[in-house]
Amino acid sequence: MKRSPVPLATTIAVLVFFYIPILFLVMNSFNASRFGGAWQGFSVKWYARLFSDKTVWRALENSLIIALISTSVSMVAGTLSAFAIHKFKTRMQVVHYTLIYTPLVLPDLLMGMSLLLFFVALRVPLGMTTIALAHITFCISYVTMVVLARLQDFDFTLIEAARDLGATSWGATRKILLPLLMPGILAGGMLAFTLSIDDFVITFFVSGPGATTLPIQIYSMIRHGSPAMINALSTILLTITFIIILISRYFSGYEKKKGLT
């Protein structure tokens with residue numbers, strides 16, 4: 001039976017649609033022309049200017065600090081939240097699940113405005129603290145969903161066997177539950193880190209003076225006309241993002257590779 005060429009053509013068309021613009025951006029980061037378009041020779045001068053621009057690196061430092069804080073807190077809170085939702089089938093946990101799920105479907109614009117109004121009402125100064133709190137708010141939801149998915153297939157008879165053999169509740173959690181859930185927790189953490197460092201809309205509403213993150217800095221560079229430096233910066237971010245995705249994929253498939261499920 002002759003195979004239809006339609007699936008292959010569709011796959012190629014989708015790949016071209018998604019990745020050709022990225023390839024074009026990477027190529028222009030090495031273009032000597034300031035505004036791209038016509039190729040004027042290979043150059044790394046935009047990377048050199050980017051590395052000498054202190055405002056960009058200060059914004060990157062702020063983004064990394066916020067991403068690390070929000071990821072750490074959301075990994076702990078998200079894991080506890082997922083365990084509570086999975087373990088206790090009560091009405092309170094149904095409400096809990098709804099509250100966790102809501103930030104996933106809430107538009108970023110609405111979430112940013114509501115958080116801004118909340119911080120203003122409490123007279124909390126806008127800055128790094130408010131950005132970190134805002135990022136924790138939505139990162140917890142993503143970590144919870146990833147860990148909850150791991151818990152769906154978790155074999156709790158292992159915990160019961162450990163308790164029968166004399167292990168304490170904390171000992172069984174520390175030596176059996178957490179190690180087996182760790183790939184899911186780390187995968188959720190990687191996802192939270194990526195979302196936090198990439199967020200623009202929510203950060204735009206809750207940021208204050210001296211708390212510029214990298215996405216906001218890029219927006220400012222676009223307004224003041226530095227497209228070549230943005231291409232170089234985007235290429236670096238793309239490389240980092242692909243590395244994080246590969247690590248996340250590794251941890252997601254860790255249990256299957258090791259035959260732990």
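Quick look at the numbers
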| quantity | calculated |
| --- | --- |
| Selection within the stretch 181-213 - open to solvent by 40 Å² or more (accessible area, probe 1.4 Å) and over 14 Å from residue 248 (Cβ atoms) | 200, 201, 204, 205, 209, 210, 212 |
| Of all residues in the stretch 61-85 being open to solvent by 40 Å² or more (accessible area, probe 1.4 Å) and in contact with a helix residue (DSSP H, G or I) (Cβ under 6 Å, 6 or more places away or on another chain), the one that is farthest from residue 150 (Cα to Cα) | 69 |
| Tabulated pairs, the stretch 219-245, first among the hydrophobic types (A, V, I, L, M, F, W, C), second outside any helix (DSSP H, G or I), C-beta under 8 angstrom, 6+ apart or interchain | 228/31; 228/33; 228/34; 228/35; 228/36; 229/53 |
| Hits in the stretch 223-237 - residues which are open to solvent by 50 Å² or more (accessible area, probe 1.4 Å) and at pLDDT 80 or above | 237 |
| Residue count for the stretch 142-176, restricted to those that are part of a loop (DSSP other than H, G, I, E, B), more than 17 Å from residue 88 (Cβ to Cβ) and of a type outside the set (A, V, I, L, M) | 4 |
| Residue 67 vs. criteria among the small types (Gly, Ala, Ser) and under 20 Å from the mean Cα position of the chain (by Cα) | yes |
| Near pairs, Cβ below 7 angstrom, 6+ apart or cross-chain, from the stretch 69-98 (over 17 Å from residue 187 (Cβ atoms)) to any residue that is open to solvent by 40 Å² or more (accessible area, probe 1.4 Å) and not charged (D, E, K, R) | 84/96; 85/96; 85/97 |
| The stretch 20-42, subset under 25 Å from the mean Cα position of the chain (by Cα) and closer than 19 Å to residue 233 by Cβ, residue most open to solvent (accessible area, probe 1.4 Å) | 24 |
| Among the residues listed as 116, 110, the single one being more than 30 Å from residue 173 (Cα to Cα) and in contact (Cβ under 8 Å) with a residue 24 or more places away in the chain | 116 |
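The values are calculated or read from the model by the stated rules, or taken from the named source; none is laboratory data. Here the structure is a predicted model, which is why all the values come from computation and not from measurement. No Cβ is skipped: glycine too gets one built from the backbone with ideal geometry, and neighbour counts run over all protein chains shown. To get the accessible areas, we keep the full protein, side chains included, count just its heavy atoms, and leave off ligands, DNA and RNA. Shrake-Rupley method; radii C 1.70, N 1.55, O 1.52, S 1.80 Å.
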